[in-house]
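A short write-up of the structure that comes next.
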Amino acid sequence: MYGMVSGHSDSKSNTNRSNHHRLRSNDNVHRSVYRRLVSFFREAWTGIKMGLDSEYEEVDVQQDRYTPEALDTLCEITKFNKRELQLMYRGFKQECPSGMVKEETFKGIYAQYFPRGGDTSQYAHYVFNTFDQDHTGSITFTDFVIGLSVLSRGSVQEKLKWTFNLYDINGDGYITKDELSRIVTSIYEQMGKAVDSVVDDHTTKEHVDRVFKKLDLNQDGVVTMDEFLDSCTRDENITKSIGFFDTVL
């Protein structure tokens, strides 16, 4: 009998360690996604990486098909200074001569920043919609710098609000378990081979159930903005598991 109990205990212990390893791997995946997301916007779109070490020219916005708000206005509504905005606009225009980027173009550039074998299209779709707050089907330079300002230099509250809007897929002001599951699944899909060995359908459901239970404070089946902010600011593990990562340019 002792041997049976001991064996059962060892098996349970091994299972717990395995589950803990999978959950830690899940959290690492989410943090990696956030870092890559900020890196994607910083390097692929802003022009800062190549521009800070070289002379730059004033941008003639009058020749554009789309004219963004004046630099002074953008300085007021973002956390960037005029020189940074000029460099970012130059980089943005190199990729998007029209001054706007459509979703398919966005997805194509986004895919370059994630491992081979991963399907980035669905997560890129969710990110695109979060930047395209007016749902015009295009991201303008103004949309871009407002979003990047939050992601790279926003306060904890601002970053969490941006993340809430990402997870609130239909924009109704609530996150459902289905929406959370769709986002988490799209994250695993885009990481491809990097997570194939530690992620399966059971792991995904377990991860979603665990996070949603902590977020849904009143257990009514939906997560409001207030619940989301309250849960995340009080529980460091939740902020890590949803991909929150403090980053500056």
Next item on the list: Measure up LYS102/LYS177; LYS159/LYS214; LYS82/LYS102; LYS159/LYS205; LYS79/LYS107 against 21 Å on the Cα-Cα distance and list the ones that go over.
Entry: LYS102/LYS177; LYS82/LYS102; LYS159/LYS205; LYS79/LYS107
Note to self: Using a 1.4 Å probe on the protein heavy atoms only, what accessible surface does LYS93 show? Give it in Å² to the nearest 10.
What the structure shows: 40 Å²
Notebook entry, point to check: Over region 72-148, what number does the Rg to Rh ratio reach, with both radii from the alpha-carbon atoms and Rh per Kirkwood?
Noted result: 1.00
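The values are calculated or read from the model by the stated rules, or taken from the named source; none is laboratory data. Given the structure is predicted, the values throughout are model-derived calculations rather than measurements. Just the protein is used for accessible areas: all its heavy atoms, side chains included, with ligands, DNA and RNA removed. Shrake-Rupley method; radii C 1.70, N 1.55, O 1.52, S 1.80 Å.
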